[in-house]
1. Which one is modelled with the lowest pLDDT among residues in region 83-98 that are of a type in the set (Gly, Ala, Ser), surrounded by fewer than 20 Cβ atoms within 10 Å (Cβ to Cβ) and part of a helix (DSSP H, G or I)?
2. When you scan region 99-115, how many residues do you find that are within 15 Å of the chain's Cα centre (by Cα), assigned to a helix (DSSP H, G or I) and without any contact (Cβ under 8 Å) to a residue 40 or more places away in the chain?
3. For LEU20, all conditions in the list (1) in contact with a helix residue (DSSP H, G or I) (Cβ under 9 Å, 6 or more places away or on another chain); (2) assigned to a helix (DSSP H, G or I); (3) open to solvent by 100 Å² or more (accessible area, probe 1.4 Å) hold save one; what is the number of the exception?
4. When the residues of region 116-127 are filtered to those that are polar (S, T, N, Q) and more than 11 Å from ILE156 (Cβ to Cβ), which remaining residue is farthest from the chain's Cα centre (by Cα)?
5. For the list (1) closer than 24 Å to LEU125 by Cβ; (2) open to solvent by less than 70 Å² (accessible area, probe 1.4 Å); (3) in contact with a Ser or Thr (Cβ under 6 Å, 6 or more places away or on another chain), I need the number of the one condition that ASP106 fails.
6. Search region 23-43 for residues being touching a residue at least 24 places away in the same chain (Cβ under 8 Å) and more than 30 Å from ILE54 (Cβ to Cβ), and hand back the single one that is surrounded by the most Cβ atoms within 10 Å (Cβ to Cβ).
7. Do you know which residues across region 100-120 are at pLDDT below 90, among the aliphatic types (A, V, I, L, M) and in contact with a strand residue (DSSP E or B) (Cβ under 9 Å, 6 or more places away or on another chain)?
8. Run GLU57 past the list (1) more than 30 Å from VAL109 (Cα to Cα); (2) touching a residue at least 12 places away in the same chain (Cβ under 8 Å); (3) open to solvent by 90 Å² or more (accessible area, probe 1.4 Å) and report the number of the one that doesn't hold.
Amino acid sequence: MNKSDVVFLLPENLKKYKNLNAVTVAFSEVLEKIEPAIETLNTYKDMEKLNDSILDELAWQHYVEFYNPNLTQEKKIDMIKKSYKHHVRKGTAGAVESAIKTIVGDAEVLEWFHYNGEPFTFRILSRSKVPANGDITELVKLANAFKNARSTLDGIIFIQKDHSSLNTYGVVHTYGRTINREVK
């Protein structure tokens, strides 16, 4: 923005006052100094260019639930960008589903009335690769952080298709015990 742009913003009836013209000139000089720094404040535009330490600070600033500095840069950016939406929707099935998707990719929340479960229970269904046992514990913690207070997670189900045959295999994880079974 240059000096003439700020003067241009004044209505015609105020342009005749010399004092206002002097203020707009002074104001435009300050804006010229600040303007290059404004672009650097846009952290969301080019997050891919930020280094890991800055992403870690952004995650702390945005209070990203269960953020882990050891995640890939892509996952970090995804979690930071979605953190506001997660906080606004916290306590809903959609918030749980969105938060879980940032970790395992393909996930769906099934509420109790979709599978004839006990009232106020839900399950997480995923067609992604079964994560390590420690990661499943993190998924449970994440789901509990985003669910509403009265609901209970009663299981995480990973469904994987064996492409070499027609059989489909599922893994059900319920708080510490894992059940592998073939589904026909």
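The values are calculated or read from the model by the stated rules, or taken from the named source; none is laboratory data. What you see is a predicted model, and the numbers here were worked out from it, not measured in a lab. We place every Cβ from the backbone using ideal geometry, glycine too, and count neighbours over all the protein chains shown. Please note that ligands, DNA and RNA were not included when accessible areas were found on the heavy atoms of the full protein model with its side chains. Shrake-Rupley method; radii C 1.70, N 1.55, O 1.52, S 1.80 Å.
1. Checked region 83-98; the qualifying residue modelled with the lowest pLDDT is SER98.
2. Counting residues in region 99-115 that are within 15 Å of the chain's Cα centre (by Cα), assigned to a helix (DSSP H, G or I) and without any contact (Cβ under 8 Å) to a residue 40 or more places away in the chain gives 4.
3. Only one criterion in (1) in contact with a helix residue (DSSP H, G or I) (Cβ under 9 Å, 6 or more places away or on another chain); (2) assigned to a helix (DSSP H, G or I); (3) open to solvent by 100 Å² or more (accessible area, probe 1.4 Å) is unmet by LEU20, namely (3).
4. ASN116
5. So ASP106 meets the others, but not (2).
6. So the residue we want is SER28.
7. ILE100, VAL104, ALA107
8. The single condition GLU57 does not satisfy is (2).
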